[in-house]
1. In the range 241-268, what residues are open to solvent by 40 Å² or more (accessible area, probe 1.4 Å), in contact with a Pro (Cβ under 7 Å, 6 or more places away or on another chain) and over 15 Å from Ile98 (Cα atoms)?
2. Would you say Arg191 is in contact with a Ser or Thr (Cβ under 8 Å, 6 or more places away or on another chain), surrounded by fewer than 17 Cβ atoms within 10 Å (Cβ to Cβ) and among the basic types (Lys, Arg)?
3. Starting from the range 304-333, keep only residues that are hydroxyl-bearing (Ser, Thr, Tyr), then list their pairs with residues that are open to solvent by 30 Å² or more (accessible area, probe 1.4 Å) and at pLDDT below 80 whose Cβ atoms are within a distance under 7 Å, requiring at least 6 positions of separation or different chains.
4. With surrounded by 13 or more Cβ atoms within 10 Å (Cβ to Cβ) and in contact (Cβ under 8 Å) with a residue 24 or more places away in the chain as the only criterion, which of Ile377, Ile410 stands out?
5. Kindly indicate whether Arg115 is out of contact with any Pro (no Cβ under 9 Å at 6 or more places or on another chain), over 24 Å from Glu252 (Cβ atoms) and among the charged types (D, E, K, R).
6. Can you name the residue in the range 277-300 that is open to solvent by 30 Å² or more (accessible area, probe 1.4 Å) and of a type in the set (Ser, Thr, Tyr) and, of all such residues, is nearest to the chain's Cα centre (by Cα)?
7. When you go through Ser245, Ser299 one by one, which is the residue that is closer than 26 Å to Val44 by Cβ and of a type in the set (Ser, Thr, Tyr)?
8. Are any of the residues in the range 231-240 among the aliphatic types (A, V, I, L, M), open to solvent by 10 Å² or more (accessible area, probe 1.4 Å), over 30 Å from Ile39 (Cβ atoms) and in a strand (DSSP E or B)?
Amino acid sequence: MIARLWRSLAGWGINVAIALTALRVNLMRSILTTLGVMIGVFSVILAVAIGAGAQVSVTESIGALGANMAIVVPEPDSDGPRRTTDRGRLTERDIKAIAKQVPGITATAPQLRTRVQLVAAGRNTTTEVIGATPDYAIVSNVNTDEGRFIEQGDANASSRIAVLGQTVATRLFGSYDPVGETVRINRVPFRIVGLLESKGSSFGNDNDDLVIVPLGTLRQRLLDTPAQGPDDIHIAFVGFDDEPSLIAGQNEIKKILRDRYRVAKGKINPFTVRTTTEIAEVTGEATQIFQALLVAIASISLLVGGIGIMNIMLVSVTERTREIGLRMALGAKRADIRNQFLVEAAVLCVIGGGVGLALAKVAALAFVAYADFPAPIGFGVAVGAILFSAVIGLAFGGWPAIRASRLSPIEALRSE
């Protein structure tokens, strides 16, 4: 048994050696032939990597928002029985009622948001400012790298204090520690009390490009367009203990808000309640469709490469007809001839696949370095690419190999 296996491996090794010799004889033709497979493998691997990177980016985006969180906005729910363009309302009183009546809530974070201009140290920048309460740090999993976050005393007094994101701090102060410095937000001076830990970028969004101030301060001093009421808000984050509490809490929040705003049965909700779980599922499905589309398009180039392999192998069979006849005359079996050309096609594709894999790895590194977009190529993907390249060679080299094995030895020897 072992001896038979050894002879089989030795035979395949000889076929590989013959294949490499044949490829070296026609080096330029071999290189041009592998280009199709190389481009195909490169395209497919890069498409898979970009799709995987999109999923990673989505996960990071959801993580940046916070886990087990419901997001409430005063916008009509598009899932309702009819659509409307009327904007709803959401107030701090609504959020307090939700916090009292819904079980499993860890914290709530009502917010106002607007775009502002910041000036400090002779520099200026434009960013989003968030008016928040101290519980914003709990719900959104926010920590400070330097200084402190907003405290209840700041919120009660509507103090002119600010916590900067890393991107904003770098634009205004460079590498200098901004804590204790003054920044003018829409010409209003604010004292910087904290610097947020970096959350990086995800899905094209810079999570560090923001400023956080007390909710009352933003309402009184920075809001260009006044809210409908004295305690109206733009959005609220509601944190829960765990996912089961989140799922049950979402329905409870909808029920409470429908009751508070007297929404009749069958009417669309003038608010929208989404959970981080829903957002992750929807965006995950979208990225999977996006990845499948990319792979399908990239596979066309791999198909073209396979056709090129079949074409060149048919040419090779025609050119080496006398060689095939001579080998048969010396005792080679039809299976030996078939295996020789199958191995040659597979080796040609594996070489092209290996080069395509290397190029895809370089492109993935470039994505990370210059676009700040993850494009992971796992070990399984790399091995799969090489094996798939071999399968392409065997599939498209099959017909030329069978054709070579069916040649008549006498007719082959007569060939010029």
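1. Gly266
2. Working: in contact with a Ser or Thr (Cβ under 8 Å, 6 or more places away or on another chain): yes; surrounded by fewer than 17 Cβ atoms within 10 Å (Cβ to Cβ): yes; among the basic types (Lys, Arg): yes.
Yes.
3. What qualifies is Thr321/Ser415.
4. Details: Ile410 fails: surrounded by 13 or more Cβ atoms within 10 Å (Cβ to Cβ).
Being surrounded by 13 or more Cβ atoms within 10 Å (Cβ to Cβ) and in contact (Cβ under 8 Å) with a residue 24 or more places away in the chain holds for just one of Ile377, Ile410, which is Ile377.
5. Working: out of contact with any Pro (no Cβ under 9 Å at 6 or more places or on another chain): yes; over 24 Å from Glu252 (Cβ atoms): yes; among the charged types (D, E, K, R): yes.
It is true that Arg115 is out of contact with any Pro (no Cβ under 9 Å at 6 or more places or on another chain), over 24 Å from Glu252 (Cβ atoms) and among the charged types (D, E, K, R).
6. Looking only at the range 277-300, we keep the residues that are open to solvent by 30 Å² or more (accessible area, probe 1.4 Å), and these are 277-283, 285-286, 288-297, 299-300.
From what is left, the residues that are of a type in the set (Ser, Thr, Tyr) are 277, 283, 299.
Details: Thr277: 17, Thr283: 10, Ser299: 20 Å.
This residue is Thr283.
7. Working: Ser245 fails: closer than 26 Å to Val44 by Cβ.
Unique residue meeting the criteria: Ser299.
8. Within the range 231-240, the subset among the aliphatic types (A, V, I, L, M) is 233, 235-236, 238.
Then keep just the ones that are open to solvent by 10 Å² or more (accessible area, probe 1.4 Å); that gives 235.
Next cut, over 30 Å from Ile39 (Cβ atoms) only: 235.
Now restrict to residues that are in a strand (DSSP E or B): 235.
Yes, that holds for at least one residue.
The values are calculated or read from the model by the stated rules, or taken from the named source; none is laboratory data. All values reported here derive from a predicted model rather than from experimental measurement. Positions of Cβ are backbone-derived with ideal geometry, glycine not excepted, and every protein chain shown enters the neighbour counts. Keep in mind that these areas ignore ligands, DNA and RNA; they rest on the heavy atoms of the full protein, side chains included. Shrake-Rupley method; radii C 1.70, N 1.55, O 1.52, S 1.80 Å.
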